[in-house]
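These notes are about the structure you will find just below.
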Amino acid sequence: MRLGFPRLSTLPSELVERVRQFSPQALLWRYISVSELAARVSSAPETQSVVPLSSVGAWKRGEDFISCPSSPSSFIRIVMDLDGIAKVQRLPAHPVGPGRSDAMAYIVETEEYLSGVMAHFKVRATS
């Protein structure tokens, strides 16, 4: 069933696909695609994984985190955007340069300083 368009599902799928091929950029197809994705994501079971931030080697929103052994002399960069934390990176040294952005905010600290911080990851089951 096509979300928001129950009559669309009564048409043969070949006909719907043919119409889509003639208007691939139409907002209707984007709406249907996003609606179906939202329905799948919201119905997926969700669990939470809690790990020390010092054990996170890398993480990007929407992806699984990569763990790594602790190294007190390394640095951890937390990158934030309008939606919250966008990614976590492990750096061998403090970054050099302006590090300025109008769209992102950054926190760079030593692993030792962040040793008591726990990272909470929402994990969705994928089908």
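Using unit Cβ charges (K, R positive; D, E negative) and no other charged atoms, how large, in debye to the nearest 20, is the dipole of the chain about its Cα centre? Could you put the intermediate results ahead of the total?
Details: 14 positive and 12 negative charges, 99 e Å.
Magnitude of the dipole: close to 480 debye.
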Legend entry - Separation of the GLN21 and ALA105 label points, Cα + 7 Å toward Cβ, nm: 5.0 nm
Inset, instruction - Go ahead and set up a Gaussian network model of the chain, Cα springs under 10 Å, then flag whichever of ARG61, ARG20, ARG77 fluctuates most. - result: ARG20
Legend entry - Neighbour-count ranking [beta-carbon atoms within 10 angstrom, fewest first] of LYS60, LYS87, LYS122: LYS122, LYS60, LYS87
Inset, instruction - Using only alpha carbon pairs under 8 Å that are at least six residues apart, calculate the relative contact order of the chain and give it in whole percent. - result: 27 percent
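When the helices in the chain are scored as -39500 (n - 2.57) per DSSP H run of 4 or longer and the sum is shared across all residues, what 222 nm value do you end up with, to the nearest 500 deg cm²/dmol? Working shown, then result.
Values: 2 runs with 27 residues, N = 127.
Helix contribution divided over all residues of the chain: -7000 deg cm²/dmol.
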Inset, instruction - Report P(r) for the chain: all Cα-Cα distances, bin width 5 Å, range 0 to the bin holding the largest distance, values in whole percent. - result: 2, 9, 14, 15, 12, 10, 9, 9, 8, 6, 5, 2, 0
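Every number here is computed from the coordinates shown, using simple stated rules; none is lab data. It should be emphasised that the depicted structure is a prediction, and the values quoted were computed from it without experimental measurement. No Cβ is skipped: glycine too gets one built from the backbone with ideal geometry, and neighbour counts run over all protein chains shown.
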